[in-house]
Amino acid sequence: MMRRTFLALALTAAAIPARADWEAVERIEPYSISGTSGIELYQSIGANGPKIGIGRAIAYTNFDLKWSRDYQPQPDGSCVLVTARPHLIITYALPKPSSSLSPTMQRNWDSFIEGIRVHERVHGEDIKEMVRAIEAYSIGLTAPDDAGCQKVRQKLQARLGELSQAQRQKSRDFDRVEMSNGGNIHQLILTLVNG
């Protein structure tokens, strides 16, 4: 089962104004697995995959998000969040065989891992969408009678909690479909194991 951990927030992409002044850093962290057959590779994933909760996953997407925010008190006593610039690193943990595979097994593996990569990239895109949603909500956010800029921060935090829950549900729904009996991930596993 694939899972990923992240504090996530999202709106639909259509509701978010496009900004081109930041880019996410994306990286892959491979973990080593062994075996020469599909079943051996899959068993090694089960033994060595990223630990998520009480079990292990095939892969997961994680992220580190930090913000540079500029809160500015206004002459009328209000506070405005003038800029909010994200610094986002997305990390994909993916399995990688530690030894050479036969040409047939290599083709099967390549197909399997590409399907896993595509699945995880959806989560990565959702994270970027979340960050754009945070940015869109943040910039220009204001609170009256807030010379110390505390109310505007509280207003931001309250909305982020709501958006976080929506994103987590979106992620769970996507995984439920992908990992269901006959779903995409299930099919990838069957093809790897059965050849």
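The values are calculated or read from the model by the stated rules, or taken from the named source; none is laboratory data. None of these values were measured; they are calculated from a predicted model. Quick reminder, even Gly has a Cβ in these numbers, built from the backbone with ideal geometry, and neighbours come from all protein chains shown.
A compact table of results
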item: Scan of the stretch 94-105 for residues that are touching a helix residue (DSSP H, G or I) at 6+ places or on another chain (Cβ under 9 Å) and assigned to a helix (DSSP H, G or I), ordered by number; result: Met105
item: Some residue of the stretch 130-153 being under 20 Å from Arg56 (Cβ atoms), of a type in the set (A, V, I, L, M, F, W, C) and in contact (Cβ under 8 Å) with a residue 40 or more places away in the chain; result: no
item: Complete set of residues in the stretch 154-195 that are among the aliphatic types (A, V, I, L, M) and under 30 Å from Arg69 (Cα atoms); result: Leu156, Ala158, Leu160, Leu163, Ala166
item: Residue satisfying all of: in the stretch 143-195; of a type outside the set (Gly, Ala, Ser) and outside any helix (DSSP H, G or I); surrounded by the most Cβ atoms within 10 Å (Cβ to Cβ) among these; result: Asp146
item: Index of the failed condition, Phe63 passing every other in (1) under 30 Å from Val152 (Cβ atoms); (2) in contact with an Asp or Glu (Cβ under 6 Å, 6 or more places away or on another chain); result: (2)
item: Residue in the stretch 111-121 that is of a type outside the set (A, V, I, L, M, F, W, C), buried (at least 17 other Cβ atoms within 10 Å of the Cβ) and at pLDDT below 95 present; result: no
item: Some residue of the stretch 84-103 being among the hydroxyl-bearing types (Ser, Thr, Tyr), over 30 Å from Ala47 (Cβ atoms) and surrounded by 12 or more Cβ atoms within 10 Å (Cβ to Cβ); result: no
item: Test result for Asp110, closer than 21 Å to Asn48 by Cβ, in a helix (DSSP H, G or I), charged (D, E, K, R) and out of contact with any Ser or Thr (no Cβ under 6 Å at 6 or more places or on another chain); result: yes
item: Among (1) within 22 Å of Arg153 (Cα to Cα); (2) modelled with pLDDT of 95 or more; (3) buried (at least 18 other Cβ atoms within 10 Å of the Cβ) - the single one Pro75 does not satisfy; result: (3)
item: Single unsatisfied condition, Asn108 versus (1) in contact with a helix residue (DSSP H, G or I) (Cβ under 7 Å, 6 or more places away or on another chain); (2) surrounded by fewer than 18 Cβ atoms within 10 Å (Cβ to Cβ); result: (2)
item: The stretch 122-152, residues that are in contact with a Cys (Cβ under 8 Å, 6 or more places away or on another chain) and β-branched (Val, Ile, Thr); result: Thr142, Val152
item: Filter result (surrounded by 18 or more Cβ atoms within 10 Å (Cβ to Cβ) and either of a type outside the set (Gly, Ala, Ser) or not in a helix (DSSP H, G or I) (or both)) within the stretch 122-141; result: His123, Asp126, Ile127, Lys128, Glu129, Met130, Val131, Arg132, Ile134, Glu135, Tyr137, Leu141
